[in-house]
Every structure is written in C-alpha cells, then in structure tokens.
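**Student:** Below is a structure I'd like to ask you about.
The values are calculated or read from the model by the stated rules, or taken from the named source; none is laboratory data. In this text the structure is predicted, and so the values were computed from the model without any measurement. Cβ sites come from the backbone with ideal geometry, for glycine too, and all protein chains shown count toward neighbours. Surface accessibility is based on the protein's heavy atoms, side chains included, excluding ligands, DNA and RNA. Shrake-Rupley method; radii C 1.70, N 1.55, O 1.52, S 1.80 Å.
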Amino acid sequence: MQTLIAVIIIFGLIVAIHEWGHLYFAKKMGILCREFAIGFGPKLYSKKKNETLYTIRLFPIGGFVRMAGEDPETVQIKPGYEIGLTFNDQDKVKEIIVNNKAKHPEAKVVSVERIDLEHQLKIDAYGDEEEGLQTYEIDPKADLIVDEERNQIAPWDRQFGSKKPWQKAVAIFAGPFMNFVLAIVLFIGYGFIDGVPVPEVGEVAETSPAEEVGLQNGDTILALDGQEMSDWREVQEYIQNSPDEAIAFSIERDSSVETISITPTAVYHEPWDRDIGQIGIIPERDNGVLLVIQNSFIQTYEVVELIFDVLSLIFTGEFSIDMLAGPVGIYDVTGDVVALGYEMLFLWAGMLSVNIGIVNLLPIPALDGGRLVFIGIEAIRGKPLDPNKEGMAHFVGFALLMLLVLMVTWNDITRLFL
C-alpha cells in the first residue's frame, strides 16, 4: 500500500507539473485551453475555471492539455438550421443553443443564413417575418451549447494553429521544461534533508584500507596524486578507477597538511562489469543553501547524461529492452526506494521527472519532441504541413509507443514474476 501511494503521488506530481507547463505557457501565448486532464478515460472529477475544464480521469497513465484548434470542431451549423441565441449587456451573442432550445425559453430562435465563429464572429439569420435578415455580433467568449454541454467558441486568434512557430514551440516545449524544473526542486529538497557529500571524511569503516593507514573522521581531502579535488564526486571517481593502485592522499588535519598513501581494495561491480576501488570511508554531508542548489543542477545534468549514454547504445547495437522499465518495473523499484527511506523518494522522483522530460523530447511523432519537429518544418517552409498527414504521423507514433509500452510491461512481468 505504501508503494502504491508513493507511485500515485510521484506520477501524479510529475504529470501534473508537465501538463501545467503546457497549460501556463499556452495561455501566455494567447491559446484557449479547453481542458487540463490528469489521466485518460472516463471523468472522475471536473471543474471549470477561467475558460479551462480541469478533470481527473479513471486511468492514471498520463495526462493532456486540449488546446483549441488541435482537433476539428465537431459541430457544424449549416444554413437553414434553427438555433437559439442569448445576449449580453453589449447586445452581443453570449450563448448559441444548437438543440434542446425548449429548455432555454429566454433564447431568441433564429434560422441561420451564414455563421462565422472563427474570423468575423457574426451570424446572419432570419428571425420573425417582420425582422427579416439580421446580423448578430458574437462575443469572443460566447458558449456553444450542444446537448446541454457548454464549450466556449475559439476565434482564430485563440487557436493553436494561428500562432507563430516560436509561440507554438514555447507551448509544447514548456511541458518537458517543467519536468527539469521539478527535478531540480526535488533534488534541492533531497539535499536539504540528506545533505550533499563533500570531500571530508565523515566515517571510517573498520579493517578498511583507510583505517589501516590512519585516516580519521574530519580529515579534508585536498588532492589525490597531486590533482586537486573540488567535490566528492571527483574523489569517488578517482578512487573507483584505481583498484589495487596506491594513491597519494593530500589531507588537511588540525590546520596542517600531510600526505598519506592508500591502496584501494578491488571490488567487482556487477552493473559496470569490472573491478572498482574502495577505501572504506563515508563522506561528510553539508546542507548549505548554495551547495545544495548547485548540486541539484549537477545531479540533473548527470541524469540527463546517463540517459543519453543509454540511448546511444541504440546506434551501437548494444541496446536491450531489459534496459527499459514500464509501469510494473517502476512500481517494483519504487517499493525498493520506499524501503530505503522516504527522503529517497525525492531523489527517485527527480530522476523519473528528468527521464520523462527527456523521453518527451525525443523526435518521435505523438511526443512533444515529434511535435517540435513538425513546428520546425513549418518554420522552414513558411507554412504548416497538411494537418491530415501530420495527424496520421502522430497516430502511427502513438500506436508504436503503446506497442512498446506493452512489450516493456510484459518484459517487466516475466522478469519479476515468472
């Protein structure tokens, strides 16, 4: 149950922040956002605020922001169709009732001759015989009511397609960008809780190479073999890369500097498939504000670098599906992380957020990266691609992604349970 709650909170946060990035910056670009959804499938909860319908849906496997103009309008009002109109204080149409007009007795019923809900925002229609053909101006925020369900109209300047390529790119890139921002915030939280390792000895293991040569708690490591060490990562990497090789440690102890020779013990590291050096020390940890913030950016960069190292294996033929984890695999790892302590969830959630940000930026149709590619082509051509062709590309990309998810999930199940 703890693992399930942790997974729901982590993925809910990551998806919400990602989609909020799309929502916030799309609105800043003047795009009408019809819906902000967490999950897919039937609605469990919905509330409309400031033009946008906020929903939580049954299947918590992602989310979306539905921007005006991305999907064709489903309601077509043709000449001769009778509709109901209500008006605001400026005598502009504020509601267009397509059917069930009897439920709106206050509405004026007219017969449409011409209607433009995108550019001119006008309705030419016949009322009673005495009025003849009349022109009605439409409020830019008027509602279209179909089967008692309201949808705000989307004038052309509020649609995604009307925006310049750079504005579209900002709205699309904002989602992955917010994943990186979230990761930095989570790494900062972890740093304040657990501290950042620094090149100072915090604890020396018994019978370790460090204890044998007299390394003590509080010793500050200044240099290894004459190379200055600015942070713990450099110290750790140098030691790990020097199994069974003597290293000259320049340390500061009680305001004096001395040199100690330590030979790291060679220990086989299965993930790296090689021996690494260990001397048996645990570093001191510091939670100073500037150090924690600086370290959060470094951690984000390191996760990005690790992901690209794995992706590069695709081109060398060394990539394996076992390197991927689906929902089942992530659930299993989250359980292990919970067992290590709740503070580790900050670290794990940050890593997942970076992963989702990078994956979404891959140039694959249906992902944000694929959409950015099409926007880039539009900028070069000076006009957008055929919407039908682009839509088909996204559909194929989505189908292939779902197939990959199924394959990875089955692989997780067989690896863990069979």
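**Student:** With respect to residue 223, determine if the residue is surrounded by 13 or more Cβ atoms within 10 Å (Cβ to Cβ) and touching an Asp or Glu at 6+ places or on another chain (Cβ under 8 Å).
**Tutor:** For residue 223, the condition - surrounded by 13 or more Cβ atoms within 10 Å (Cβ to Cβ) and touching an Asp or Glu at 6+ places or on another chain (Cβ under 8 Å) - is not met.
**Student:** Among residues belonging to the stretch 57-95 that are β-branched (Val, Ile, Thr) and part of a strand (DSSP E or B), point out the one that is nearest to residue 114 (Cα to Cα).
**Tutor:** My answer is 83.
**Student:** Another question about this same structure. Could you identify the single residue in 134, 90 that is in contact (Cβ under 8 Å) with a residue 12 or more places away in the chain, open to solvent by 50 Å² or more (accessible area, probe 1.4 Å) and touching a Gly at 6+ places or on another chain (Cβ under 7 Å)?
**Tutor:** Working: 90 fails: touching a Gly at 6+ places or on another chain (Cβ under 7 Å).
Within the list 134, 90, the selection yields 134.
**Student:** Only one residue in 257, 267 is more than 12 Å from residue 224 (Cα to Cα), aliphatic (A, V, I, L, M) and either open to solvent by 70 Å² or more (accessible area, probe 1.4 Å) or modelled with pLDDT under 90 (or both), so which one is that?
**Tutor:** Unique residue meeting the criteria: 257.
**Student:** Within the stretch 239-254, how many residues are of a type in the set (A, V, I, L, M, F, W, C) and modelled with pLDDT under 90?
**Tutor:** 0
**Student:** Let me ask you something else. Tell me which residues, restricted to the stretch 270-287, are in contact (Cβ under 8 Å) with a residue 40 or more places away in the chain and open to solvent by less than 30 Å² (accessible area, probe 1.4 Å).
**Tutor:** Result: 279, 280, 281, 283.
**Student:** Right, another one. Please verify whether the stretch 238-247 includes one or more residues that are open to solvent by 20 Å² or more (accessible area, probe 1.4 Å), under 43 Å from the mean Cα position of the chain (by Cα), within 27 Å of residue 293 (Cβ to Cβ) and not aliphatic (A, V, I, L, M).
**Tutor:** yes
**Student:** Please indicate, with yes or no, whether at least one residue in the stretch 141-154 is polar (S, T, N, Q), outside any strand (DSSP E or B) and open to solvent by 20 Å² or more (accessible area, probe 1.4 Å).
**Tutor:** Checking the stretch 141-154: not a single residue is polar (S, T, N, Q), outside any strand (DSSP E or B) and open to solvent by 20 Å² or more (accessible area, probe 1.4 Å).
**Student:** What is the one condition in (1) more than 27 Å from residue 415 (Cβ to Cβ); (2) out of contact with any Phe, Trp or Tyr (no Cβ under 8 Å at 6 or more places or on another chain); (3) open to solvent by 40 Å² or more (accessible area, probe 1.4 Å); (4) part of a helix (DSSP H, G or I) that residue 399 does not satisfy?
**Tutor:** Checking residue 399 against (1) more than 27 Å from residue 415 (Cβ to Cβ); (2) out of contact with any Phe, Trp or Tyr (no Cβ under 8 Å at 6 or more places or on another chain); (3) open to solvent by 40 Å² or more (accessible area, probe 1.4 Å); (4) part of a helix (DSSP H, G or I), the one that fails is (1).
**Student:** Do we have any residue at all in the stretch 57-72 that's among the aliphatic types (A, V, I, L, M), open to solvent by 40 Å² or more (accessible area, probe 1.4 Å) and either over 38 Å from the mean Cα position of the chain (by Cα) or farther than 28 Å from residue 386 by Cα (or both)? Lay out the reasoning, then the answer.
**Tutor:** Filtering the stretch 57-72 down to residues among the aliphatic types (A, V, I, L, M) leaves 58, 61, 65, 67-68.
If we keep only those that are open to solvent by 40 Å² or more (accessible area, probe 1.4 Å) as well, we get 58, 61.
Remaining after also requiring either over 38 Å from the mean Cα position of the chain (by Cα) or farther than 28 Å from residue 386 by Cα (or both): 58, 61.
For the stretch 57-72, residues among the aliphatic types (A, V, I, L, M), open to solvent by 40 Å² or more (accessible area, probe 1.4 Å) and either over 38 Å from the mean Cα position of the chain (by Cα) or farther than 28 Å from residue 386 by Cα (or both): present.
**Student:** Hey, another quick one. Which ones in the stretch 189-214 are surrounded by fewer than 20 Cβ atoms within 10 Å (Cβ to Cβ), aliphatic (A, V, I, L, M) and within 30 Å of residue 12 (Cβ to Cβ)?
**Tutor:** 193, the sole residue that qualifies.
**Student:** Of everything in the stretch 98-131, what is among the polar types (S, T, N, Q), in contact (Cβ under 8 Å) with a residue 24 or more places away in the chain and part of a loop (DSSP other than H, G, I, E, B)? Give them in sequence order.
**Tutor:** First, pick out the residues of the stretch 98-131 that are among the polar types (S, T, N, Q): 99-100, 111, 120.
Filter again for in contact (Cβ under 8 Å) with a residue 24 or more places away in the chain, leaving 99-100, 111.
Residues satisfying the conditions are 99, 100.
**Student:** For the stretch 205-224, how many residues meet the condition of being under 43 Å from the mean Cα position of the chain (by Cα) and in a loop (DSSP other than H, G, I, E, B)?
**Tutor:** 4
**Student:** Here's another thing I want to ask about it. Cβ-Cβ below 9 Å, separation at least six or inter-chain, first residue in the stretch 210-238 and at pLDDT 90 or above and small (Gly, Ala, Ser), second open to solvent by less than 60 Å² (accessible area, probe 1.4 Å) and assigned to a loop (DSSP other than H, G, I, E, B): which pairs?
**Tutor:** What qualifies is 210/279; 210/280; 223/229.
**Student:** I'm checking my understanding of the structure. Among residues of the stretch 97-112 that are exposed (fewer than 15 other Cβ atoms within 10 Å of the Cβ) and of a type in the set (D, E, K, R), which one is farthest from residue 125 (Cα to Cα)?
**Tutor:** 103
**Student:** I need the helices (runs of 4 or more DSSP H) fully contained in the stretch 280-369, keeping only those with at least 1 residues that are out of contact with any strand residue (DSSP E or B) (no Cβ under 7 Å at 6 or more places or on another chain) and charged (D, E, K, R).
**Tutor:** Result: 289-316, 327-340.
**Student:** Another question, then. How many of the residues in the stretch 27-56 are assigned to a strand (DSSP E or B), open to solvent by 20 Å² or more (accessible area, probe 1.4 Å) and within 19 Å of residue 161 (Cα to Cα)?
**Tutor:** 2
**Student:** Does residue 393 satisfy being in a helix (DSSP H, G or I), open to solvent by 40 Å² or more (accessible area, probe 1.4 Å) and over 22 Å from residue 178 (Cβ atoms)?
**Tutor:** When the stated conditions are applied, residue 393 does not pass them.
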